[in-house]
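K.L.:
This is the structure I have questions about; it appears just below.
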Amino acid sequence: MTSPGLRRRIACLLLVSVLAFGALTARLLWVQGPAGEGYARGGLAQRLRAVPVQPPRGEILDRRSVPLAVSVTVDSAYAVPAQVRHPAAEAARLALILHRPAATLLRQLTGRAALVWIARRLSSQQAAQLRQAAPPGVGIAPEAQRFYPQGELAAQVLGFAGIDNQGLAGVELSADRYLRGRPGRILLEQDALNRDLPDALRRFVPPTPGDTVTLTLDRNVQLIARQALRLTVASTGSAGGSVIVMNPRTGGILALANWPSFDPNAYARYPAAAWRNPAVSDLIPPGSTFKPLTLAAALQDGVVTGASRFYDPGYSVVNGVRIRCWKHGGHGSQDLAQVVENSCNTGFVDLGLRLGTARFYRFLERLGVTRRTGVDLPGEARPMFPRERSVRPVDLAVMSFGQTLAITPLGLLTALCAIANGGVTVRPHVVRKVQKPDGQPVSLPSHRGRRVLSRAVAAEVTRLLTGVVAVGTGKKAAVPGYRVAGKTGTAQVVVNGRYQEGAYLASFIGFAPVPDPRVAVLVLLDRPQGEYYGGQIAAPLFAQVVGETLRYLGVPPQETPPAAEKVIVPDIENISVGDARSLAAAAGLRWASRGRGDAVLRQLPAPGSRVPPGSTLLALRGASAVLRGRVRVPALAGARPRAAAALARAAGLAFRAVGSGRAVAQDPLPGTPVRPGSLVTAEFR
Amino acid sequence: MEARRGIPDLYLLLIVFSILGIGIVMVGSASSVDALAVYHNPYYFLERQIIWSVLGTAAMLFFSRVSYWRWQSIPWPLYIITVVLLAAVLVPHLGRAVNGSRRWLGFGPLTVQPSEFAKLSMILVFAATLTSWKVRDFWHGLVPHVLLLAAVGGLVILQPDLGTAAALAGTAAVMLFVAGARMKHLGLLGALSLPTVALLILKTPYRRERFFAFLDPWKHPHSSGYHIIQALYALGSGGLLGDGLGRSRLKYFYLPEQHTDFIFAILGEELGFIGGAAVIVLFVLLAIRGYRIALRAPDNFGALLATGLTTMVVLQAAINIGVVTGSLPITGIPLPFVSYGGSSLVFSMAGVGILLNISKHGLRGGG
């Protein structure tokens, strides 16, 4: 028999065990009951993997809602490496469909990533083949791709978006926070090794599309500016150039064209330098185009009046330093209007010295020209002015006619707008409005102009500037039927702080019609060959852009233009018939066309010819092969490699030479319509 | 002491086979994902667990037929074998290490865990010595037992296998208590050993963190708290009724040890609180039948032996469930008859065999 003490203790033990298990049952009930829901949520959260779904990027429209940048849907292929069963065999098969190296694909299929893109932006044929093959672990997802229907038109303003639809340049970058949208996601229930669970839970959170951004840009004004610029750059042999058309009342940019340009649909094929917007990002010595600001400062501060007289012996001496006027022998005795009309440096030195450094600087600061304009485009350069303390009288004298300082073309035109706007500053901008996908407007930062000139002074400066065009150095900027105020400029190109011999910037800035200006325009030609005076080569370009734009905008002429005046024939080749017609109308020419098709292949008379207004512009229409944004391959036969390269570059094409000597064969053949930036190969023998 | 042969406790048999059956099903479900990934055979662990169950049942039948008095006469050979095997594990080329612990002895394809053998053998040794020595005597009764336990427990700790050491110590303490050790002496022992254990745990920050992880597992969710968090996620996902057999989510590589030490979490996820509570009830019934056999044993040796065997199973079950529900610090103790593992299953079944043999000799009626 067992002892009673032992049995008592065993009974005690039994009791303890039952109590312990009772406690554990209670604990289990708590964990699986009241507390269980929280734990279950935690467990679910760690199993759910979010695959981001890119939102469609917002559209960019011009002021009249013409699409400038849109998003189209394309298919992309992705792989979930954990679900791929036979990586080597699959990589080989995919390589055939996707035209990618099998080794690269194999590395992706065996990688550690939960999800990897194996081919972006498939052709419809590739997508169909892949859908049919349907290898395990490989899927197709729609992606948004950016498309720029206008090709290289306004390319540097629009910029472009990268492969993941992120804005990389231009408005695409500066307005990215509106255009981007909010990504949605697909939630997948997966195991700890990132593979789908059986009967997995799936949830779809849709993405929020980006906002629609409407620009102040007008596609047709942009077209006018681009075509005129291209023509002038070609005829003057310039390395490049810029045209900015602005509304002087609001600061809204109607057109901003640079040449050379690039096609944002194929931005990667152009050098990164072509993506820059030199009108905003480059500093230039303004030269004489700065003189209107000096003039305004002097008149506003009352140091001169319209009755003041000046004497130019051909130079002025400041603190023992002799500063020459551009005209040998000098302009002699002049009144203020003549100083301006003649762009007389000596006269402006006089104005600057009468003002003094402090007053001159205060005025420039109030005008805002010493700072960035704050334009809603990326990469704006900061103006460079000598430090006020270190400015000696001789520096002040030189600054008075626009040297030793550097500002952006846009900054210069913005400053001129304050004069055109009756003395109140404007802030330049390209974004006109932003709308949410549901049409709700997004509020944008507003700008209040500062009055920097009295109305009377602004009117007086304007009057003096009309003299430049009427009788002074800017006669070629005259637009038949409209009163134009403006100023010529010719500056030596500065590279690394040194003036370059024989390299010039020819420019013209101005506005029209006076006294109620609708457009302010800056034109700039970089390193023209031969003639380089702004009044000679920039002024005609200005006149063409202003004339065509005012006619396009329907601004009634102030007076009937004299019949003898001639107009410049616009370049209408390689653009659509509709665009060509509006350019012809803007130039004041009658339209006629031969043939069928929606594009203009050839024109008569040649672009740049001067003809009486109302003459007929004949367009030879071509088949739809020549689409908007296409260029024709130039004929290279017989050219030496350097000349052939220049021809190709002028047409906006990439070039490759094979052999040396003279061109004997080329691919593609002359006249073939291709996308800008396509490669042309020529064989030399 | 008369030996009356009777019918073994069939309720105990039924309870054990119920738990074993649930265990086989759960091992099959919990291990399938891991088995497919590692061995390309979802039934890898299930097949082995079935084989081990057959071997365990054979061992149980064998031990139920060996008269339990035989074990009273051989405590010293048993003790020496235990010590030798446990020491052999620590020898570099004999013992096999997994996850940094040397726990297995390999004989060709077969591996055994001497610590599982020690759990059984120490009960047999203690039952014999406690019957003959006066355990109420501090120096001549209690201290020699403590030394015997310390030697074996020390070897187990060296593996290191703190869970088994705790189970051994706990069972031994219960047997000393039941054998009549004075509470004063046990209290003194406890008071002496507690600071040592506390020092061992609290000395190193790593062990301290692990030990207290169960109080706030989210403090270190990716290290010391990970197991407990995953176990709680599993139990919480199961809720009261469970997600259904085979539908566990946590077994997809989230919960480690899903078919061994943490199998109860998968059971709770698939079968819910209902399933978990059923298993607990089965262990309570096992405790009742086991201690009933002890109460009805014909002699003190049988009673002590039955107490030890029952306590070992019940204690491990309680600690295991306590760990999985986040109520106790993590100790690597399997859930008897449920967790995957050959040695544990065979020796536990052998213990049940001995219990059945004792029950055959038990008193009938009121006892």
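The values are calculated or read from the model by the stated rules, or taken from the named source; none is laboratory data. Quantities reported herein were computed from a predicted structural model and do not represent experimental measurements. Every residue, glycine as well, gets a Cβ built from its backbone with ideal geometry; the counts of neighbours run over all protein chains shown.
K.L.:
Can you name the number of the only condition in (1) modelled with pLDDT under 90; (2) of a type in the set (A, V, I, L, M); (3) under 28 Å from residue A:72 (Cα atoms) that residue A:231 fails?
P.N.:
Among (1) modelled with pLDDT under 90; (2) of a type in the set (A, V, I, L, M); (3) under 28 Å from residue A:72 (Cα atoms), the lone unmet condition for residue A:231 is (3).
K.L.:
When only residues in the range B:34-82 that are in contact (Cβ under 8 Å) with a residue 12 or more places away in the chain and among the basic types (Lys, Arg) count, which is surrounded by the most Cβ atoms within 10 Å (Cβ to Cβ)?
P.N.:
So the residue we want is B:48.
K.L.:
Would you be able to say whether some residue in the range A:22-42 is more than 7 Å from chain B (Cβ to nearest Cβ), assigned to a loop (DSSP other than H, G, I, E, B) and touching a Phe, Trp or Tyr at 6+ places or on another chain (Cβ under 8 Å)?
P.N.:
Scanning the range A:22-42 turns up no residue that is more than 7 Å from chain B (Cβ to nearest Cβ), assigned to a loop (DSSP other than H, G, I, E, B) and touching a Phe, Trp or Tyr at 6+ places or on another chain (Cβ under 8 Å).
K.L.:
Could I ask something else about it? Out of all the residues in the range B:206-215, is one or more surrounded by fewer than 23 Cβ atoms within 10 Å (Cβ to Cβ), part of a helix (DSSP H, G or I), at the interface with chain A (Cβ under 9 Å from one of its Cβ atoms) and not hydroxyl-bearing (Ser, Thr, Tyr)?
P.N.:
no
K.L.:
Please work out which one of (1) in contact (Cβ under 8 Å) with a residue 40 or more places away in the chain; (2) surrounded by fewer than 12 Cβ atoms within 10 Å (Cβ to Cβ); (3) not hydrophobic (A, V, I, L, M, F, W, C) is the condition residue B:140 fails and give its number.
P.N.:
(1)
K.L.:
Right, another one. Looking at B:335, B:315, can you tell me which residue is more than 10 Å from every other protein chain (Cβ to nearest Cβ) and either part of a helix (DSSP H, G or I) or crowded, with 24+ Cβ neighbours inside 10 Å (or both)?
P.N.:
B:335
K.L.:
If you don't mind, there's one more thing I want to ask. Just checking, how many residues over the range A:230-273 are within 16 Å of the chain's Cα centre (by Cα), in contact (Cβ under 8 Å) with a residue 12 or more places away in the chain and within 30 Å of residue A:368 (Cβ to Cβ)?
P.N.:
16
K.L.:
Suppose the filter is of a type in the set (Gly, Ala, Ser), surrounded by fewer than 17 Cβ atoms within 10 Å (Cβ to Cβ) and more than 28 Å from residue A:483 (Cα to Cα); does residue A:578 pass it?
P.N.:
Answer is yes for this residue.
K.L.:
When the residues of the range A:1-21 are filtered to those that are facing chain B (nearest Cβ under 8 Å) and out of contact with any helix residue (DSSP H, G or I) (no Cβ under 8 Å at 6 or more places or on another chain), which remaining residue is nearest to residue B:170 (Cα to Cα)?
P.N.:
Going through the qualifying residues, I end up with A:5.
K.L.:
Give the range A:268-326 a look and list any residue that's part of a loop (DSSP other than H, G, I, E, B) and under 14 Å from residue A:409 (Cβ atoms), or say none.
P.N.:
Scanning the range A:268-326 gives A:276, A:277, A:282, A:283, A:285, A:286.
K.L.:
On the given criteria, is residue A:294 closer than 20 Å to residue A:393 by Cβ, touching a helix residue (DSSP H, G or I) at 6+ places or on another chain (Cβ under 8 Å) and hydroxyl-bearing (Ser, Thr, Tyr)?
P.N.:
Criteria met by residue A:294.
K.L.:
I need the helices (runs of 4 or more DSSP H) fully contained in the range B:63-169, keeping only those with at least 2 residues that are at pLDDT 90 or above, more than 20 Å from the chain's Cα centre (by Cα) and farther than 27 Å from residue B:317 by Cα.
P.N.:
In the range B:63-169, B:75-90, B:143-158 are the helices (runs of 4 or more DSSP H) which contain 2 or more residues that are at pLDDT 90 or above, more than 20 Å from the chain's Cα centre (by Cα) and farther than 27 Å from residue B:317 by Cα.
K.L.:
Let me ask you something else. Of all strands (runs of 3 or more DSSP E) completely enclosed by the range A:93-206, which ones contain at least 3 residues that are more than 30 Å from residue A:429 (Cα to Cα), aliphatic (A, V, I, L, M) and in contact with a strand residue (DSSP E or B) (Cβ under 7 Å, 6 or more places away or on another chain)?
P.N.:
Because the criterion is at least 3 residues that are more than 30 Å from residue A:429 (Cα to Cα), aliphatic (A, V, I, L, M) and in contact with a strand residue (DSSP E or B) (Cβ under 7 Å, 6 or more places away or on another chain), the strands (runs of 3 or more DSSP E) in the range A:93-206 that meet it are A:116-119, A:138-147, A:184-189.
K.L.:
If you scan the range A:491-512, which residues turn out to be in contact (Cβ under 8 Å) with a residue 24 or more places away in the chain and aliphatic (A, V, I, L, M)?
P.N.:
A:491, A:493, A:494, A:503, A:505, A:506, A:509, A:512
K.L.:
So which residues in the range B:218-272 are at the interface with chain A (Cβ under 10 Å from one of its Cβ atoms), of a type in the set (D, E, K, R) and surrounded by fewer than 20 Cβ atoms within 10 Å (Cβ to Cβ), if there are any at all?
P.N.:
Matches in the range B:218-272: B:243, B:247.
Residue by residue, here is whether (1) within 16 Å of residue A:514 (Cα to Cα); (2) crowded, with 19+ Cβ neighbours inside 10 Å holds:
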residue	(1), (2)
A:447	no, no
A:453	no, yes
A:464	yes, yes
A:475	yes, no
A:484	yes, yes
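K.L.:
Any residue at all in the range A:108-122 that is closer than 30 Å to residue A:154 by Cβ, surrounded by 13 or more Cβ atoms within 10 Å (Cβ to Cβ) and among the charged types (D, E, K, R)?
P.N.:
Yes: one or more hits.
K.L.:
Inspect the range A:47-66 for any residue being away from chain B (no Cβ under 14 Å) and over 34 Å from the mean Cα position of the chain (by Cα) and give the result as yes or no.
P.N.:
yes
K.L.:
Answer yes if at least one residue in the range B:189-198 is surrounded by 15 or more Cβ atoms within 10 Å (Cβ to Cβ) and either modelled with pLDDT of 85 or more or under 24 Å from residue B:171 (Cα atoms) (or both), and no otherwise.
P.N.:
Checked against the condition, which is being surrounded by 15 or more Cβ atoms within 10 Å (Cβ to Cβ) and either modelled with pLDDT of 85 or more or under 24 Å from residue B:171 (Cα atoms) (or both), the range B:189-198 yields at least one hit.
K.L.:
If I filter the range B:171-181 for residues that are assigned to a helix (DSSP H, G or I), among the hydrophobic types (A, V, I, L, M, F, W, C), surrounded by 18 or more Cβ atoms within 10 Å (Cβ to Cβ) and within 14 Å of the chain's Cα centre (by Cα), do I get at least one hit?
P.N.:
yes
K.L.:
Same structure again: Just to be sure I understand the filter: pairs with C-beta atoms under 8 Å, separated by 6 or more residues or on different chains, first member in the range A:640-665 and within 22 Å of residue A:270 (Cβ to Cβ), second member in a loop (DSSP other than H, G, I, E, B) and acidic (Asp, Glu). Which pairs pass?
P.N.:
A:652/A:152; A:652/A:263
K.L.:
What about residue B:280, is it surrounded by fewer than 22 Cβ atoms within 10 Å (Cβ to Cβ), assigned to a helix (DSSP H, G or I) and within 9 Å of chain A (Cβ to nearest Cβ)?
P.N.:
Yes; evaluated as a whole, the condition is true for this residue.
K.L.:
A further question on this structure: On the given criteria, is residue A:254 in the same structural domain as residue A:427 (by TED's automatic domain parsing) and surrounded by 24 or more Cβ atoms within 10 Å (Cβ to Cβ)?
P.N.:
yes
K.L.:
Can you tell me how many residues in the range B:292-310 are more than 7 Å from chain A (Cβ to nearest Cβ) and assigned to a helix (DSSP H, G or I)?
P.N.:
Of the residues in that region, 10 qualify.
K.L.:
Of all the residues that make up the range B:232-269, how many are farther than 15 Å from residue A:27 by Cβ and either of a type in the set (Asp, Glu) or free of Cβ contacts under 8 Å to residues at least 24 places away in the same chain (or both)?
P.N.:
Here the count works out to 8.
K.L.:
Taking residue B:340 as the residue in question, decide whether it is touching a His at 6+ places or on another chain (Cβ under 6 Å) and buried (at least 24 other Cβ atoms within 10 Å of the Cβ).
P.N.:
Against the criterion (touching a His at 6+ places or on another chain (Cβ under 6 Å) and buried (at least 24 other Cβ atoms within 10 Å of the Cβ)), residue B:340 qualifies.
K.L.:
Of everything in the range A:44-85, what is in contact (Cβ under 8 Å) with a residue 40 or more places away in the chain and assigned to a helix (DSSP H, G or I)? Give them in sequence order.
P.N.:
Matches in the range A:44-85: A:44, A:47, A:81, A:82, A:83.
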